[in-house]
Amino acid sequence: MSHILRVEWFMVVELRKETAIEMLYTMLKIRKFEETIKDIYAEGKKPVFDLSAGPIPGFLHLSAGQEPAAVGVCIHLRADDFVSAAHRAHHIAIAKGVDLKRLAAEIFGKKTGLCKGKGGHMHLFDPQKNFSSNGIVGASFPHAVGAALAYKMQGKDSVAVAYGGDGAANQGIFHEALNLAAIWKLPVIFVIEDNSWALSFPKRLSTAISRNSDRASAYGIPGVFIPDNDLFRIFEVAGEAIKRAREGGGPTLIEIETYRFYGHYVGDPERYRAKDEVEKLRAKDPINRVKEQLIRKGWLTDKEFEELVFRASAEVDEAINFARESPYPDPEEALQDVFA
Ligand SMILES: Cc1ncc(C[n+]2csc(CCOP(=O)(O)OP(=O)(O)O)c2C)c(N)n1
């Protein structure tokens, strides 16, 4: 018999048509956003790649392909629930309801951005939506534990969700966070987005066991693995875990097998992965899959899908125009709102 603690998820979280359409819409919005800023990022950086040139300076980590992990979890969250994400965070910010215009403006380094242009694309903070992200791999886990401890001490039924990659799950802080969340029975959901790469390093060479979800047993908490970027399975498992956390049932670790369509960062030559890997992943595009699932269910027509695409594109275009037209912060503001 296996020593690994496994949990059976008996209760099925009901999926309504409106919820399914809303999730598809958010996935389309994320994809359009990522593709648009990828193109804009290239402005000024060709023919010679110069990190500081163009309207989006610095590194850019995109999450196209990883939409289900963001959308299937965050759809269950309220504004007062906290989400802590890592460096690859746009999809999660959008799924948590962060204002698209202020998100875009932050990425462009503009005064109207979430952090008045001082955070950039990895450091997104939105106190109204209870969302944060940061570039220290692994730091998202203890941040969520801290928020969950505060909620518990305040007697609230809010929950905290921490996102990290398969690389982040090998940081010591991940294990410290799980341990604390378990002994204090905190309302935290740990989400590992397993895209099988940490920068150029494959998970099979960095991680001693094949399933990060099995590590939950070391802390006596439920661990669930969701294969193949499956939005509706994520929706179901996350719904259960969040409900359990709200009711005082403690933390859950969810590992989601997902796909990274672009390089680690935009401009990554990707010499470490086979030429056809992305082609194979793209053949399993989660947006096409969800579209087909909803059409089969009779919840969506091709025409309605096109309308969703159109609406999502218009929303993204409006946000990008806002960012482009916004002013840069004044030089006199450089030392405001920062530890100096
Ligand atoms: C503490 C720390 N170590 C190293 C880095 C450099 N770094 C940035 S992203 C990354 C890989 C992260 O991989 P993973 O957690 O799997 O997330 P993914 O990029 O696949 O989304 C590394 C090593 C960092 N930002 N922080």
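Summary table below
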read-out: Residue within the stretch 239-247 that is in contact with a Pro (Cβ under 7 Å, 6 or more places away or on another chain) and of a type in the set (Lys, Arg) present; value: yes
read-out: Answer residue from the stretch 78-93, given it is within 16 Å of the ligand (Cβ to nearest atom) and not in a loop (DSSP other than H, G, I, E, B) and is nearest to the chain's Cα centre (by Cα) among those; value: 92
read-out: Scope the stretch 184-202; condition in contact with a Phe, Trp or Tyr (Cβ under 9 Å, 6 or more places away or on another chain), surrounded by 19 or more Cβ atoms within 10 Å (Cβ to Cβ) and assigned to a strand (DSSP E or B); matching residues; value: 188, 190, 191, 192, 193, 194, 197
read-out: Among the residues listed as 249, 267, 263, the single one being away from the ligand (no atom under 16 Å from the Cβ), surrounded by fewer than 21 Cβ atoms within 10 Å (Cβ to Cβ), in a loop (DSSP other than H, G, I, E, B) and not hydrophobic (A, V, I, L, M, F, W, C); value: 249
read-out: Selected residue (only one of 216, 181, 162, 168 is open to solvent by less than 50 Å² (accessible area, probe 1.4 Å), within 16 Å of the ligand (Cβ to nearest atom), more than 22 Å from residue 281 (Cβ to Cβ) and under 22 Å from the mean Cα position of the chain (by Cα)); value: 162
read-out: Hey, residue 256 among the aliphatic types (A, V, I, L, M), part of a helix (DSSP H, G or I) and either open to solvent by 10 Å² or more (accessible area, probe 1.4 Å) or modelled with pLDDT of 95 or more (or both) or not; value: no
read-out: Yes/no for residue 61 being within 16 Å of the ligand (Cβ to nearest atom), out of contact with any helix residue (DSSP H, G or I) (no Cβ under 6 Å at 6 or more places or on another chain) and under 17 Å from residue 130 (Cα atoms); value: no
read-out: Number of the exception - residue 272 against (1) within 16 Å of the chain's Cα centre (by Cα); (2) within 13 Å of the ligand (Cβ to nearest atom); value: (1)
read-out: Residue pairs meeting the criteria (Cβ under 9 Å; at least 6 apart or on separate chains; first free of Cβ contacts under 8 Å to residues at least 24 places away in the same chain, in the stretch 221-236; second open to solvent by 40 Å² or more (accessible area, probe 1.4 Å) and part of a helix (DSSP H, G or I)); value: none
read-out: Every residue from the stretch 128-155 that is more than 14 Å from the ligand (Cβ to nearest atom), out of contact with any Pro (no Cβ under 9 Å at 6 or more places or on another chain) and open to solvent by 30 Å² or more (accessible area, probe 1.4 Å); value: 128, 129, 130, 146, 149, 150, 153, 154, 155
read-out: Whichever residue in the stretch 24-61 is acidic (Asp, Glu) and outside any helix (DSSP H, G or I) and, among such residues, is nearest to the chain's Cα centre (by Cα); value: 43
read-out: Boolean, residue 46 is surrounded by fewer than 23 Cβ atoms within 10 Å (Cβ to Cβ), more than 20 Å from residue 242 (Cα to Cα) and modelled with pLDDT under 95; value: yes
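The values are calculated or read from the model by the stated rules, or taken from the named source; none is laboratory data. Bear in mind that the values here come from a model prediction, so they are computed numbers and not experimental data. FYI the Cβ positions are ideal-geometry reconstructions off the backbone, even for glycines, and counts take in every protein chain you see. These area figures cover heavy atoms from the full protein model, side chains too; ligands, DNA and RNA do not enter into them. Shrake-Rupley method; radii C 1.70, N 1.55, O 1.52, S 1.80 Å.
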